Amino acid sequence: MIVRTLEDMIGSENDISAKTGTWVSRRMLLKKDGMGFSFHDTTIFAGTTTLIWYKNHLEAVYCVSGEGELEVIETGKIFKIRDGTMYALNGHEKHYLRAFSDMRMVCVFNPPLTGKEVHDKDGVYPLVEE
Ligand code: 9YT
């Protein structure tokens, strides 16, 4: 059994910030934990826009606080996000994530992240084979 707290993650090697400065992610479960998914507590900072395109991953996100919106680039469709909203990128949708206030998001990735991934210029995480 694995039990971890947010306090354990903060300041640890599992505490990862975006190169762009738009988010911080406390990665509580990673590939090496053997669960088949990774599990993150992410904060998207107020007033920021992040380009995201998980070409190699599926991600589900549950917002537990804050407000913002997600714009699907291909369609222009905008989804409002607030606490209690879940979205799942089951079509690898390229999107902009905009935070109007700090948004705290619980995120699950399949395949699991290995730990150090940050978005490249297209918003992509590489698929890391170990
Ligand atoms: C919602 C989202 O994808 N935010 C970017 C960071 C990501 N959750 C991560 O790497 O933990």
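Just so you know, all these numbers are worked out from the coordinates, no wet-lab data involved. Everything numeric in this text was worked out from a predicted model, so none of it was measured. Every residue, glycine as well, gets a Cβ built from its backbone with ideal geometry; the counts of neighbours run over all protein chains shown.
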Q) Mind checking which of Leu29, Leu58, Leu113 has the largest fluctuation in a GNM of the chain, springs on alpha carbons under 10 Å? A) Leu58
**Q.** Leading residue at positive end of dipole, the chain (Cβ point charges), from Val64, Gly47, Thr5
**A.** Gly47
Q. What ³J(HN,Hα) values, in whole Hz, does the Karplus curve 6.51 cos²θ - 1.76 cosθ + 1.60 give for region 102-114 when θ = phi - 60°, with x put for Gly and Pro?
A. 4, 10, 9, 10, 9, 10, 10, 10, 9, x, x, 6, 8
Q) Considering every pair of different Cα atoms, what Kirkwood radius, in Å, is found for the chain? A) 14.8
Q) If you add up the charges near Glu71, with Lys and Arg at +1 and Asp and Glu at -1, over every other residue whose beta carbon is less than 14 angstrom from its beta carbon, what do you get? A) +1
Q | Lys, Arg +1 and Asp, Glu -1 on Cβ, resulting dipole of the chain about Cα centre, debye, nearest 20 | A | 140
**Q.** Length-normalised contact order of the chain in % [C-alpha pairs under 8 Å, at least 6 apart]
**A.** 30
Q: Work out the count of Lys pairs in the chain where the Cα-Cα distance is under 26 Å, with the pair 8 or more places apart or on different chains.
A: 24
